[in-house]
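The values are calculated or read from the model by the stated rules, or taken from the named source; none is laboratory data. The structure presented is a predicted model; accordingly, all values stated were derived computationally and were not measured. Counting neighbours? That spans all protein chains shown, and the Cβs are built from the backbone with ideal geometry, glycine included. Quick note on the areas: whole protein, heavy atoms, side chains included, nothing else; ligands and nucleic acids left out. Shrake-Rupley method; radii C 1.70, N 1.55, O 1.52, S 1.80 Å.
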Amino acid sequence: MAQSYNTVIIIGAGVSGIAAATKLLKNNFNKFIILEAENRIGGRIQTLPFGDGHIELGAQWIHGEEGNVVFQMASAQNLVSDKRETIQQFINSTFVTSSGSELKSNHLRDYLKVAYSVFDDSPKDDLERFMSLGELFQKRIENVLVDTEELPLKQFINWCQHYQNSDNGSDSWFEASAINIDTYKYCPGYPEISWKSKGYSTVIDLMQEKFNDEVEDLHIKDKVIFGKEVVKIYWSGDQAEVLCADNSRFKAQCILTTMSLGVLKNVCNELFEPELPEYKLKAIQNLGIGTVDKLFLKFPYSWWSEGTTGFSFLWSDDDREKFIKENKRRGWDYLCDVFGFYICDNCPDTLLGWIVGPAARNMERKSLDEIKIGLMYLLNKFLGDTYTIPFPDLVTRSQWGSNSHFYGSYSFHSMNTDKEGKANSQLAKPLINSNGKNILLFGGEATHSSYFSTVHGAIETGWREADRILEQFME
């Protein structure tokens with residue numbers, strides 16, 4: 001069915017698309033619409049009420065302070081938690097082996113601190129630059145001067161891999177290039193900062209408030225059309241056209257797509273007509289994106305000891321193999337990759353479990369009832385000798401890997417990414433029509449050369465593309 005003509009179409013009401021929209025409205029440009037496949041605003045930001053608090057299914061922390069637009073907006077409204085040592089939650093957690101024994105070695109914390117610092121230094125030569133993060137870790141950890149005789153070293157390294165994968169977004173640290181250490185830029189300040197209240201979805205409101213003094217009645221939702229899954233983008237000629245899964249069509253002079261890298265990887269060959277240039281297809285192909293999922297268990301009360309920050313699980317090879325064999329019919333092999341449960345900020349009596357990679361996508365196919373039973377079995381296996389664990393009141397999980405509107409969590413530089421890290425800027429490069437005008441623009445965290453994988457990076461790309469649009473249409 002035919003739709004009214006718009007000067008600009010923004011595809012995606014995630015944080016990048018909303019950032020672009022707010023900047024356009026600030027500059028009195030309102031000849032645009034936003035097409036959103038989901039039934040909500042936020043994209044990979046999703047804050048949900050849960051029990052007596054709220055949880056973050058997607059983006060969890062503010063990464064850094066100085067130069068971070070999210071921190072600047074949130075701190076100005078006193079929304080940033082005083083808690084700054086978020087990473088200590090993992091280091092100070094209780095490490096438990098698959099036999100149910102708590103590790104109490106005096107060298108445990110020392111080893112963990114050294115392991116965390118392995119990626120602090122840039123690759124020192126071409127040999128290290130061409131390594132994966134996994135290979136670089138193994139090379140550098142050999143020189144650790146911490147007494148590890150009392151520690152199950154292989155199990156620790158396996159846990160470190162799972163943690164690192166959850167941090168950089170890869171399915172495996174052997175898929176992630178060592179160049180991530182240099183190409184990803186940290187904002188100075190604490191690297192992982194929690195929200196005080198309300199949650200990460202607040203950032204959408206903050207972007208609108210940023211411009212409220214200059215623009216009255218700034219209502220982004222009025223610009224969003226929900227349930228519009230884009231299946232075709234025609235970008236040849238003087239006009240562009242978008243076809244949606246419900247057969248609706250929208251025309252415009254310019255399109256800004258903020259689709260996730262995961263979607264582009266899965267559908268780019270069928271999505272665009274004409275086909276994207278070779279350099280852009282190569283950038284999409286060579287950048288990486290994996291699955292990082294969360295599992296939330298809300299209990300009737302906090303059954304863990306006071307001062308506990310969480311529980312980290314260490315599987316031996318024999319126990320893992322035995323567990324998978326014994327529970328093959330149940331399909332519980334994914335449970336071996338839940339690398340720990342940790343106290344959940346802003347949600348009382350709740351534990352947050354982390355799982356990454358193929359195991360996460362396997363988990364996503366399970367029902368919540370199946371997951372609840374499996375996670376309780378897992379908790380009792382590791383902690384049942386120490387604690388009496390009540391059955392949870394509420395259980396939920398994220399599904400970023402299987403959701404066809406995302407197909408992954410956040411981007412990283414893979415082993416196929418060019419060693420100069422230029423793929424992000426190649427993905428961000430606008431495409432022009434026969435008149436030399438921008439007709440197809442690209443935003444989203446994967447198009448940021450320094451802050452890929454982050455919310456503040458996604459916001460900056462939205463503002464960047466809004467500037468392109470304003471320059472073209474506000475002459």
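Mean sequence separation of contacting Cα pairs (under 8 Å, at least six apart), scaled by the length of region 225-343, corresponds to a relative contact order of 17 percent. Against the main long axis of the alpha-carbon atoms of the chain, helix 317-326 sits at an angle near 80°. Listed peptides 151-163, 117-129, 433-445 appear in the order 433-445, 151-163, 117-129 once ranked by packing, highest mean of other Cβ atoms within 10 Å at the front.
Of the cross-linked pairs Lys26/Lys294; Lys185/Lys282; Lys294/Lys419; Lys282/Lys437; Lys139/Lys419, those separated by over 25 Å at the C-alpha level are Lys26/Lys294; Lys294/Lys419. The aspartates and glutamates whose alpha-carbon is closer than 13 Å to the alpha-carbon of Lys429, local same-chain residues fewer than 8 away aside, are Glu278, Glu465. Taking all protein chains into account, the per residue accessible area for the chain stands at 43 Å² (1.4 Å probe). Assuming 0.36 nm per residue, please report the length gained on full extension of the stretch Asp182 to Tyr377 beyond their Cα-Cα distance. In short, 66.1 nm is gained. Using θ = phi - 60° in the Karplus curve 6.51 cos²θ - 1.76 cosθ + 1.60, the 3J(HN,Hα) couplings for region 395-407 round to 9, 8, 7, 8, 9, 5, x, 9, 5, 5, 8, 9, 6 Hz; x is entered for Gly and Pro. Remark on Phe339: its backbone amide H falls under 5 Å from those of Trp354, a criterion applied only to residues 5 or more positions apart or on other chains, H modelled at 1.01 Å from N. Among the trypsin sites (Lys or Arg not before Pro) found in region 247-328, those both in a DSSP coil and sparsely packed, with 16 or fewer other Cβ atoms within 10 Å of their Cβ, are Lys328. Placing unit charges on the Cβ atoms of the charged side chains and taking the dipole of the chain about its Cα centre, the candidate lying farthest along the positive direction among Ser453, Gln77, Gly384 is Ser453. Using only alpha-carbon positions in region 74-134, the gyration tensor eigenvalues give semi-axes of 27, 26, 10 Å once each is multiplied by 5 and square-rooted (largest first). In percent, rounded to a whole number, the relative contact order of the chain is 26, using alpha-carbon pairs under 8 Å and six or more apart. Given +1 at the Cβ of Lys and Arg, -1 at the Cβ of Asp and Glu and no other charges, the dipole of the chain around its Cα centre is 920 debye to the nearest 20.
Once backbone amide H atoms are built at 1.01 Å from N, Leu394 has Lys298 as its partners under 5 Å, excluding neighbours fewer than 5 places away on the same chain.
Solvent-accessible surface of protein heavy atoms, probed at 1.4 angstrom with all chains present, puts Phe412, Phe71 in the order Phe71, Phe412, largest first.
Keeping the other protein chains in place, figure out the carbon and sulfur percent of the accessible area of the chain, with a 1.4 Å probe.
About 45 percent, which is the carbon plus sulfur part of the accessible surface.
In plain terms, the bigger the Kirkwood radius, the slower the diffusion; for region 288-360, with that radius from Cα pairs, at 37 °C and 0.692 mPa s, Stokes-Einstein puts D at 238 µm²/s.
Across region 449-455, coupling constants 3J(HN,Hα) worked out from phi with the 6.51/-1.76/1.60 Karplus curve, θ = phi - 60°, read 6, 10, 10, 4, 6, 10, 5 Hz, and Gly and Pro carry x.
What does the charge count around Glu38 come to, taking other residues whose C-beta lies under 12 Å from its C-beta (Lys +1, Arg +1, Asp -1, Glu -1)?
+1
Once Lys and Arg get +1 and Asp and Glu get -1 on their Cβ, which of Ile179, Ala115, Met259 lies farthest toward the positive end of the dipole of the chain? Value computed over the given set: Met259. Remark on Val224: its backbone amide H falls under 5 Å from those of Ile34, a criterion applied only to residues 5 or more positions apart or on other chains, H modelled at 1.01 Å from N.
Placing +1 at every Lys and Arg Cβ and -1 at every Asp and Glu Cβ, with all other atoms neutral, what dipole size does region 384-475 have around its Cα centre, in debye to the nearest 20? Intermediate results must be reported in sequence, preceding the final value.
Working: 7 positive and 10 negative charges, 60 e Å.
Taking the Cα centre of region 384-475 as origin, the dipole is about 300 debye.
At a Cβ-Cβ separation cutoff of 4.7 angstrom, cysteine residues of the chain with no neighbouring cysteine are Cys160, Cys187, Cys244, Cys254, Cys268, Cys336. Computed with a 1.4 Å probe over protein heavy atoms only, the accessible area of Trp332 comes to about 20 Å². Taking the inverse of the mean reciprocal distance over all distinct Cα pairs, the Kirkwood hydrodynamic radius of region 360-400 comes to 11.2 Å.
Counted over all Cα-Cα pairs of the chain, pairs farther apart than 39 Å make up 24 percent.
Once the Cα-Cα distance is subtracted from the 0.36 nm per residue extended length, the Asn143 to Asp393 segment shows a gain of 85.4 nm. For region 74-110 versus region 367-400, the inter-centroid distance based on Cα atoms is 21 Å.
Taking every C-alpha pair closer than 8 Å and separated by at least 6 residues, the mean separation divided by the residue count of region 92-172 gives a relative contact order of 30 percent.
Calculated [222 nm] ellipticity per residue, helices only, for the chain: -9500 deg cm²/dmol; basis is -39500 (n - 2.57) per DSSP H run with n ≥ 4, divided by all residues, nearest 500.
Modelled label positions at Asn327 and Leu470, each set 7 Å beyond Cα in the direction of Cβ, lie 5.3 nm from each other. Using +1 at the C-beta of Lys and Arg and -1 at the C-beta of Asp and Glu, which of Phe313, Ile233, Leu287 has the Cα lying farthest in the positive direction of the dipole of region 227-328? Of Phe313, Ile233, Leu287, it is Ile233. Taken one residue at a time, the phi angles of region 222-228 give Karplus couplings (6.51, -1.76, 1.60, θ = phi - 60°) of 5, 8, 9, 10, 7, x, 10 Hz. Gly and Pro are set to x. Taken about its Cα centre, region 243-284 carries a charge dipole of about 140 debye when Lys and Arg each add +1 at the Cβ and Asp and Glu each add -1 at the Cβ.
Legend: residue pairs Lys31/Lys265; Lys196/Lys228; Lys113/Lys372; Lys325/Lys366; Lys31/Lys232, Cα-Cα distance threshold 23 Å; pairs beyond threshold, Lys31/Lys265; Lys196/Lys228; Lys113/Lys372. If you take the square roots of the eigenvalues of the alpha-carbon gyration tensor of region 47-149 and sort them as a ≥ b ≥ c, do you get rounded (a/c under 1.5), prolate (a/b over b/c) or oblate? It comes out oblate by the Cα gyration axes.
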